[in-house]
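Every number in this text was worked out from the coordinates using simple rules, so none of it is lab data. Model, not experiment: these values are computed from the prediction. Virtual Cβ from ideal backbone geometry, glycine too; neighbours counted across all protein chains shown.
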Amino acid sequence: MNSNTVASQLASLQKQLLLLQSKQKKALSTIVSLANSNGITAAQIARKLNSKSSSTSKPARVKRFQTSISSLLQEFPKYITAYKAVETAYLAHGFRVYDLKNQPIHYEVDAFLSFVYEKHIKRKRSNVYIQRSTAQIHALINNTLMAEWKSEADDRISNETAFESNFLHLNKFTQVFASPNSIQLASDDDIHEALFTLHSYRYIFKMSTGQPKPVNVFNPKHIANLRNRLTYLIFGSDPTEERIANTIYDPNYQINGLKSSVILELVGWCQNLHTPIINDRIIKTFIYLGFDVSELK
């Protein structure tokens with residue numbers, strides 16, 4: 001077989017491969033659109049895909065879609081377990097920050113975990129830590145971290161700036177996310193101020209230098225969906241972890257400009273969901289403490 005024949009066959013195969021990839025991409029888009037039109041969500045599609053034999057050949061795009069949602073559905077219960085272990089160790093001390101003593105305990109535990117992140121993780125380049133037993137994690141918290149926190153907590157919380165504080169905007173957050181109706185009636189400025197309660201949202205704002213509000217979130221092209229999708233996330237009828245997965249990964253539920261860390265943390269600040277506050281920094285802190293959890297893919 002001469003070189004011209006080989007080159008011709010390779011070119012033909014490459015053309016066929018590109019055509020197949022294009023068809024697969026269109027097929028996935030069609031599946032998601034048809035599923036959504038019949039009330040089937042991204043999380044439900046992922047579960048169905050995951051129930052098929054792993055030996056079945058799947059397009060790379062489908063595998064990534066499946067892996068992302070499966071990762072969240074698998075890790076979210078682990079985050080809850082890790083949080084409850086930290087809360088148990090924290091409450092064992094009988095310590096409450098003066099300015100937070102009238103707030104739900106998970107708000108204060110979030111402040112403690114954020115303190116651990118700032119002090120022990122943020123400035124370190126490595127994020128490779130050893131796994132520990134529950135007893136070892138409690139010992140680390142009880143013998144080291146709580147002593148550090150007690151010595152700084154009251155001054156830290158009372159001296160936070162408007163940009164640093166979660167609590168200066170909490171009244172507005174509670175008003176905006178009180179009900180589906182309150183979300184629908186809230187102005188863009190109200191929603192922005194309410195979301196400023198979140199660490200992860202303030203980071204987005206910090207990156208949108210010179211803008212009064214993050215332009216991606218409040219883009220006029222997407223603003224019509226913002227309130228409906230926030231309402232679904234907080235008050236939808238699907239299980240909480242599925243609403244989170246859909247809001248992060250399903251184009252029909254995604255909130256433009258709000259990534260996974262914001263969605264996870266937003267759910268935690270809503271008291272009606274009884275879910276701890278989770279974001280990227282809290283997940284990293286769980287890993288530092290020694291819990292068997294992973295960051296989202």
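Under a Cβ-Cβ cut-off of 14 Å, what is the net charge of the residues other than Gly290 that fall near it, where Lys and Arg count +1 and Asp and Glu count -1? If you can, show how the numbers build up before the last one.
On the way: positive: Lys78, Arg132, Lys284; negative: Asp292.
Cβ neighbours under 14 Å give a net charge of +2.
For the range 216-297, which GluC sites (Glu not before Pro) are in a loop by DSSP, counting at most 14 other Cβ atoms within 10 Å? List each step's numbers first, then the result.
On the way: sites: Glu241, Glu242, Glu265, Glu295; in loops: Glu295.
For GluC sites (Glu not before Pro) across the range 216-297 that sit outside H, G, I, E and B with at most 14 neighbouring Cβ atoms in 10 Å, the list reads Glu295.
Using the charge dipole of the range 112-152 (Lys, Arg: +1 at Cβ; Asp, Glu: -1 at Cβ; taken about the Cα centre), state which of Ile121, Ile137, Trp149 has its Cα farthest towards the positive end.
Of Ile121, Ile137, Trp149, it is Ile121.
How do Glu193, Glu148 line up, fewest other C-beta atoms within 10 Å first? The partial results should precede the final answer.
Values: Glu193 19, Glu148 14.
Arranged by neighbour count, lowest to highest, Glu193, Glu148 become Glu148, Glu193.
Hey, how much of the P(r) for the range 163-245 falls beyond 15 Å, as a percent of Cα pairs? If you can, show how the numbers build up before the last one.
Numbers: 2057 of 3403 pairs.
Here the tail beyond 15 Å accounts for 60 percent of pairs.
Pull out the extension gain between Lys206 and Glu152, defined as 0.36 nm times the separation in residues minus the alpha carbon to alpha carbon distance; nm, one decimal. It would help to have the intermediate numbers written out before the result.
On the way: separation 54, 0.36 × 54 = 19.44 nm, distance 2.55 nm.
Contour length minus Cα-Cα distance gives 16.9 nm.
For the residue pair Tyr98 and Thr144, what label-to-label distance in nm results when each label sits 7 Å from Cα along the Cα-to-beta-carbon direction?
Calculated label separation equals 2.9 nm.
Using the crude model of +1 on Lys and Arg Cβ and -1 on Asp and Glu Cβ, and no other charge, please compute the dipole size for the range 71-289 relative to its Cα centre, in debye to 20.
Details: 23 positive and 22 negative charges, 115 e Å.
Dipole about the Cα centre, nearest 20: 560 debye.
Most exposed first by the Cβ proxy, i.e. fewest other Cβ within 10 Å, how do Arg243, Arg132, Arg227 rank?
Going from sparsest to densest Cβ surroundings: Arg132, Arg227, Arg243.
Sort out for me the Cα centre separation of the range 179-195 from the range 228-297, rounded to whole Å.
First find each Cα centre; the distance between them is then 19 Å.
What list do you get for Val97, Val215 if you sort them by fewest beta carbons within 10 Å? Mind showing how you got there, number by number?
Working: Val97 18, Val215 12.
Ranking Val97, Val215 by Cβ neighbours within 10 Å, fewest first, gives Val215, Val97.
For the range 71-289, what percent of Cα pairs sit more than 31 Å apart?
Working: 4973 of 23871 pairs.
That tail contains 21 percent of the Cα-Cα pairs.
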